[in-house]
Structures are given as C-alpha cells and as structure tokens.
Amino acid sequence: MESLFLSGSITKLSSFATLLLILLSCSSFTSTEAYDALDPNGNITIKWDVMSWTPDGYVATVTMFNFQQYRHIQAPGWTLGWTWAEKEIIWSMVGAQTTEQGDCPKFKGNIPHSCKKDPTVVDLLPGTPYNQQIGNCCKGGVISSWAQDPATAASAFQVSVGAAGTTNKTVRLPRNFTLKAPGPGYTCGPAKIVRPTRFVTPDKRRVTQALMTWNVICTYSQFLAQKTPTCCVSLSSFYNDTIVNCPTCACGCRNNVTHPGSCVNPDSPYSASAVSGSANRNDPLVKCTSHMCPIKVHWHVKLNYKNYWRVKLSITNFNYRMNYSQWNIVVQHPNFDNLSQLFGFNYKSLTPYKGLNDTAMLWGVKSYNDVLKAGPRGNVQAELLFRKDESTFTFGKGWAFPRRIYFNGDYCVMPPSNSYPWLPNFSS
C-alpha cells in the first residue's frame, strides 16, 4: 500500500510539475517578446523632473531619452499618455500640447490647458514660436536612435500641473503610461521615484538639481507592433544564376482579390493617386508582389578577389504611402570584423556581446540617401568590401550571406537556409 501511495504521489507531483512548466513557459513567452538580443539594454526612458512647486502643484520638465541603438521614432512622431492619480489638471505646457482640452466647467476665469483624467500629449511641430519652445522640443515627435545620432535622441516638454501635491511627500505619481511611436509596440512600466537629476550650467561652474524625479521605462516588442513583418530579404551571387527571392507571403497573404486596394500595380493609373491621395495614412499600401512586404533588402555577393570579397546591398521601398527618413538597417554576419571599406552608407559597429564584432548598423548619408522615397523611385544601394580571413572564409554552405537583418529595428524575414545560392559542384 505504501508503495502504491508513493507511486501515486510521484505521479501527481510529476503532472503538477509538467503543468507548472507549461504555465511558466507561456508566461515567459510574452515577457521575452520585448527582449532584443542585438540591443539587450535598449529602451525609451521618460524622466519627470519637478523643477518648482506652485501653490496647487508643480512645474515639471518631461524628457524622453531613446536609449535604443537602432530603433528610432519616425513621423508622424510619438504620442504619450498617462492617467492622473488624483484630480490633477494641466494649467499650461511648453514644447508640447494635449490633443484634447477636456471638460473644464468649474473654471471660470483662468481656463486650464487640459482637464482630462487621461491626457494624450504630442510634440509641437518645427517652426513653433520661440516663446513656446524648450530645448529638445518641437521636432514633430521624431527622435533619432542612440547610435545613429545621440544629439537628437531625446525629446522634451514642460508641464505645469495643478490640483496636485505641493511637496515630494504629497505629490502622487501618474499611472498607466502609454507610448505610441507612432503606432503600438511599446509597453511602459510604472513610474518609480529615483535620485533627483543634477544639472550642470553651460559654464560648468554650478550644479543644481531637481526637487523630485521619477522615471518610466518603455520597451519595444515587434510582436505587439504589428501582426505581420514589414521587411524581407532576397539573395543572389556571382557564382550561381539563382536569385533567391523573399519568401512568398512573407508579410502576409493579401491581394486585390481578397482585400481590394491592398496593393498597387505599378502599370495601373491607380499607382499615381496612391502616392498623392493617401500620403498621411499610416497603414502601408504596397506594390503587388509575391511577398507583399513594404521593404525588401537584397544581398548580392558581387565579386571575389585574392584577399577580398565584395557585396552589393540594395534596399527597395515598395510602400507607396511612406518616405522612410533617417532609416537604418542592422546586419549580422561573421565577417564584419574584417570590413575594409564601405561605399554609399554610414557604418557603425554594434557589439552587444563583448569581444564579438559581427553586427553592423548602416544608414544613409545626410542629404544624399538618408530618405528612402516611396514608390518606384524608392531604392538605395551600397557596396561593402571585406578582407578574407583564411581561418573562416568560404563561399560554401551559404556562409557569405547574412544571419539576420533588421530594418528600422524590425526583424526582416530571411529565405529558408536550404534555398541559398550554393557553389557549383565543380568549384573549389
């Protein structure tokens, strides 16, 4: 009997352990969606610095720092929201504005800027009068990535809050922060009080500090941002006539039969109106292709020298509704440690893991090809010259092709590895 009891207990424990493992795996799946192996510390940090107390609240400077190496916020820019803890109002703002004033019936003389419990804030546009600006504001919500241009990787505004606490003991932190950039994808944690920010004067002779500071950290998940990918990769080489195109339906299976108006035939009269008539819409309208992706990246192994080999990299924009400004791509390949020369793009090595230099960030040259235009003319190209490392270099088994490619921080769909152009049988 005792052995039967032990056997039954072990069986129950085993079943319980299996169920627990399944639950843990399910929960860990959602939590790791925001983790990026190539940018493990990337996030957007929103810092609230209380600069002064007022009779019924405080004046705070809110700064958004984009600490993501290669993911930027493009037009039409960021949208920030939160929920007030009590019955706070916004008396005034500098450098930004709320999208709605809300209902302010009890205020007769001085009307607040916003009375909403859950205000939504957007950046002001370039050209805003100087008396409505502060530093790092008024860029239409566009923020550069940290690696591409750290000087413009921040956005700020000033807010005067009323009906709030007037000391660091009585003020209540806002809750439920949301960030759209410009669409979904970011998840924001709770506000946490941190050590007050210290400010150094331009002459570096005086240091001041905020009266109170709290931070909000927002992380990005491509899974939350869109249901289907937005980029794919095609491959070709000089030693094989095969051109490996993007996988079929890489960015979703849709066409004009099942979803009318979902893609554009370049030869049709509709293609011209697609650009001019719907330029402000965020949903992509792409060229009709087998892959249906807004962006295609093509990697072509172009030439082979005695001590070097050469690659041509092309990026094509099939989205008729979007000019991609400040675009960038991230390429992972083991030979980036031996990159000798780059023609056409800017380059920065990314080393998410110490001692491993196999990841490169590439972006356009300012005023030359830093804007990837919409439609038929949307194409930029560059060439990369690699030095051969005898211990690793080979054209065999697809080694010359990239492991991963990102466009604007989102993963591009790669072709199946067994379809890569291989060396002919008679080649060494």
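The values are calculated or read from the model by the stated rules, or taken from the named source; none is laboratory data. Since the model is a prediction, treat every value here as computed from it, not as a measurement. Using ideal geometry, Cβ is built from the backbone for each residue, glycine included, and neighbour counts are taken over all protein chains shown. Ligands, DNA and RNA are excluded from the accessible area calculation, which covers all protein heavy atoms including side chains. Shrake-Rupley method; radii C 1.70, N 1.55, O 1.52, S 1.80 Å.
Whole-Hz Karplus values for region 399-414 come out as 4, 6, 9, x, 7, 8, 9, 10, 10, 6, x, 9, 5, 9, 6, 8 Hz, taken residue by residue from phi with 6.51 cos²θ - 1.76 cosθ + 1.60 and θ = phi - 60°; glycine and proline positions read x. Neighbours of T197, meaning other residues whose beta-carbon lies under 11 angstrom from its beta-carbon, give a summed charge of +2 when Lys and Arg score +1 and Asp and Glu score -1. Restricted to Cα atoms, region 59-115 shows a radius of gyration and a Dmax of 14.8, 48 angstrom.
Once each of the GluC sites (Glu not before Pro) sitting in a DSSP loop with at most 12 other beta-carbon atoms within 10 Å is removed, the chain keeps 101-389 as its longest stretch. A 1.4 Å probe run over the chain, with the rest of the protein chains in place, finds 53 Å² accessible per residue. When the scattering of the chain is computed by the Debye formula from its Cα atoms alone, each counted once and equally, what is log10 I(q)/I(0) at q = 0.09, 0.10 Å⁻¹? Scattering profile of the chain, log10 relative to I(0): -0.72, -0.85. Calculated translational diffusion coefficient of region 43-224 (37 °C, 0.692 mPa s; Stokes-Einstein with Kirkwood radius over alpha-carbon pairs) equals 194 µm²/s.
Note on K116: aspartates and glutamates with a C-alpha under 18 Å away, same-chain residues under 8 apart excluded, are D56, E86, E88, E100, D103. Solvent-accessible area assigned to carbon and sulfur over the chain amounts to 55 percent, based on a 1.4 Å probe. Amide H contacts under 5 Å for C137: A156, restricted to partners 5 or more places along the chain or on a different chain, H placed in the peptide plane at 1.01 Å from N. Across all directions, the average flat footprint of the convex hull enclosing the Cα atoms of region 64-167 is 7.8 nm². Charge tally around H300: other residues with Cβ under 14 Å, Lys/Arg +1 each, Asp/Glu -1 each, net +2.
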